[in-house]
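Worksheet: the structure to be examined is printed underneath.
The values are calculated or read from the model by the stated rules, or taken from the named source; none is laboratory data. Computed from a predicted model, the values in this text were never measured in an experiment. Using ideal geometry, Cβ is built from the backbone for each residue, glycine included, and neighbour counts are taken over all protein chains shown. Just the protein is used for accessible areas: all its heavy atoms, side chains included, with ligands, DNA and RNA removed. Shrake-Rupley method; radii C 1.70, N 1.55, O 1.52, S 1.80 Å.
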Amino acid sequence: MTTQPVDEQDPQARLRDLETMLDALGDHAVVKLGPGGEVMRWSRSAQAMTGYAEAEVVGRPLTLLRTEEDRDAGLLEQELETVREHGRREFQGWRVRGNGERFLSHITLSPVTGHDGTVTGFVEVLRDVTESARTESLFHGLLESAPDAMVIVGPDARIVLVNRQAEALFGFERDELVGREIEVLVPARFRDRHVGHRTGFLAAPQVRPMGAGLELWGLRRDGTEFPVEISLSPLETAEGRLVAAAIRDVTDRRETEQRLQRQRDEILELSTPVIQVWDKILVLPIIGTLDTLRATRLTEGLLDNIARSQAEVAILDISGVPTIDTQVAQHLLKTVQAAALMGTVSIMSGVRPETAQSMVHLGIDMGRLRSRGTLQDALQLALSVLAERAGTAQTAARALTSGEPR
């Protein structure tokens, strides 16, 4: 059996073919209207979407799908007049099914014209967007309620969407940001580098927190810069893959961290004061446990004071150190070696018997470091060192003046 081809000259055949194609658009309801807005043709997809059978609507005005408020306002007549004068238009509006249920519809209303150009009717296409609108509304609600500034960026690195927190943080209105490249929010000195970073991320997007250990800065509309932390996440949408950036101002946190660091530094300085007890003699009383940071600052403080006072003897009093381990001993040895490079003799005081035994047990060699049991004994040794050095200096001076070999 062979299928007879459709006679392209037969108007009825062409009409049936067109209606078949329209009925195949399951998610679009297609309605043919007369010049006054009355229903002339009703597709099966329109019946499925609205719950009205063709016999119930043909010949009636399409206001039967409108809400009571729209009917009272005469919106259908206004829309038909606008399309009659200006042509096709698209909009969204609420419609009512046969069972009274409302649904949000995206509507396309187009004029149908005769040979002389006069409008003989209209075609209205409805698409139910209730669920997508609800999802979009939920998304926007979540976006606006986010505690951080949110900036959504497209695959072309242009801003698609921002929330009110982003407006407040950067000082821009939304209309000023949408459509612009994301670098508008990045200080000029970082932009070249940022272009490379965002190109790499867009090529292989993944959830990526950024901030710890990185120098990240934002740029406000007024030109001021501020430190930020950023979390990047890929966002799959109907329009393609987007990137969501959550941006947080960490100015207060940075200032707090810096203040705490300054306080720690001050405490360290107070806990290890360098005291000048005699001309050319410094005492460094060490109290408490030594760690790497404190030992580094201890060495720096001692060397600075040696340079300022031209000290020849430095006494390291460890009577306040509870325990001596290999790490502590190595720190002390490095301090002594650094002082020796500056021409200063180091003396350790406050070495208790248990401390001495511990150092021997650990096999710690303090080299030729002189030590005394008490600070008083160490001071006496320091004075002897000064006297010895002074005597040596005088002998050398006499030798120079008399021409005698030294």
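Using the Cβ-Cβ distance between LEU333 and HIS197 with R0 = 51 Å, the FRET efficiency computed as 1/(1 + (r/R0)^6) comes to roughly 0.70. Rounded to the nearest 20, the size of the Cβ-charge dipole of region 278-318 about its Cα centre is 60 debye, with Lys and Arg at +1 and Asp and Glu at -1. Place +1 on the Cβ of every Lys and Arg and -1 on the Cβ of every Asp and Glu in region 279-395, take the dipole about the Cα centre, and give the residue among GLN357, GLY320, LEU375 whose Cα lies farthest towards its positive end. Farthest along the dipole direction, towards plus: LEU375.
Share of carbon and sulfur in the accessible area of region 27-119 stands at 47%, probe radius 1.4 Å. For region 79-181, the alpha carbon convex hull comes to 169 Å³ per residue, rounded to a whole number. If the chain linking GLU255 and ARG180 were pulled fully straight, counting 0.36 nm for each residue of separation and taking away their Cα-Cα distance, it would gain 23.9 nm. Counting 0.36 nm for each residue step from ALA188 to LEU369 and taking away their Cα separation leaves a gain of 59.6 nm.
Spread over its residues, the convex hull of the C-alpha atoms of region 143-194 is 81 Å³ per residue. Our Cα-only numbers for region 118-171 put the radius of gyration and Dmax at 17.8, 56 Å.
Using the Karplus relation 6.51 cos²θ - 1.76 cosθ + 1.60 with θ = phi - 60°, the per-residue 3J(HN,Hα) values for region 193-200 come to 5, 5, 4, x, 5, 6, 5, x Hz, with x marking Gly and Pro.
Net charge near ASP192, counting Lys/Arg +1 and Asp/Glu -1 over other residues with Cβ under 14 Å of its Cβ? Charge balance near ASP192 sits at +2.
Report the percentage of all Cα-Cα pairs in region 20-144 whose separation exceeds 19 Å, rounded to a whole percent. When all Cα pairs of region 20-144 are counted, 50 percent exceed 19 Å.
Using only alpha-carbon positions in region 154-242, the gyration tensor eigenvalues give semi-axes of 20, 17, 12 Å once each is multiplied by 5 and square-rooted (largest first).
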